[in-house]
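> Right, I'll just put the structure down here and ask away after.
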Amino acid sequence: MPVIVLHMLNEDPVQGDVDELPQRNDTLIYVRNPRRRDGKDIPYLEANVTTVVWPMSRISFIEILPGSEDEKIVSFVRD
């Protein structure tokens, strides 16, 4: 499950989990476990919210953070 940071227009960035990255023609993005970048709750969401749907028109850009899947990559180091 990729972890992303959403940079929205006129708002602080939001970090969360997505089942899959949005495609070019998607109009909505579903984010699980939304939180601020520092891990704190988002003040305008209720405390028990686990999934949020945002329109892509509100998103400036998306960062994709390295996750546990990336850590499985084995690289060879020459001594």
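The values are calculated or read from the model by the stated rules, or taken from the named source; none is laboratory data. Bear in mind that the values here come from a model prediction, so they are computed numbers and not experimental data. Note that we place each Cβ from the backbone using ideal geometry, even for glycine, and neighbour counts take in every protein chain shown.
> Given the conditions (1) modelled with pLDDT under 90; (2) touching a His at 6+ places or on another chain (Cβ under 6 Å), which single one is not true for MET1?
Against the list (1) modelled with pLDDT under 90; (2) touching a His at 6+ places or on another chain (Cβ under 6 Å), MET1 comes up short only on (2).
> In region 15-33, which residues are β-branched (Val, Ile, Thr) and within 9 Å of the chain's Cα centre (by Cα)?
Correct list: VAL18, VAL31.
> Any residue in region 53-60 that is in a loop (DSSP other than H, G, I, E, B) and modelled with pLDDT of 90 or more?
Among the residues of region 53-60, not one is in a loop (DSSP other than H, G, I, E, B) and modelled with pLDDT of 90 or more, which makes the answer no.
> Filter region 9-33 down to residues that are touching a strand residue (DSSP E or B) at 6+ places or on another chain (Cβ under 6 Å) and among the polar types (S, T, N, Q) and give me whichever is surrounded by the most Cβ atoms within 10 Å (Cβ to Cβ).
GLN15
> Could you list, in sequence order, the residues of region 12-31 that are without any contact (Cβ under 8 Å) to a residue 24 or more places away in the chain and either under 13 Å from GLU63 (Cβ atoms) or assigned to a loop (DSSP other than H, G, I, E, B) (or both)?
Of everything in region 12-31, those that are without any contact (Cβ under 8 Å) to a residue 24 or more places away in the chain and either under 13 Å from GLU63 (Cβ atoms) or assigned to a loop (DSSP other than H, G, I, E, B) (or both) turn out to be VAL18, ASP19, GLU20, GLN23, ARG24, ASN25.
> The conditions are (1) of a type outside the set (Lys, Arg); (2) without any contact (Cβ under 8 Å) to a residue 24 or more places away in the chain; (3) surrounded by 12 or more Cβ atoms within 10 Å (Cβ to Cβ); (4) assigned to a loop (DSSP other than H, G, I, E, B), and ASN48 fails exactly one of them. Which is it?
Among (1) of a type outside the set (Lys, Arg); (2) without any contact (Cβ under 8 Å) to a residue 24 or more places away in the chain; (3) surrounded by 12 or more Cβ atoms within 10 Å (Cβ to Cβ); (4) assigned to a loop (DSSP other than H, G, I, E, B), ASN48 violates only (3).
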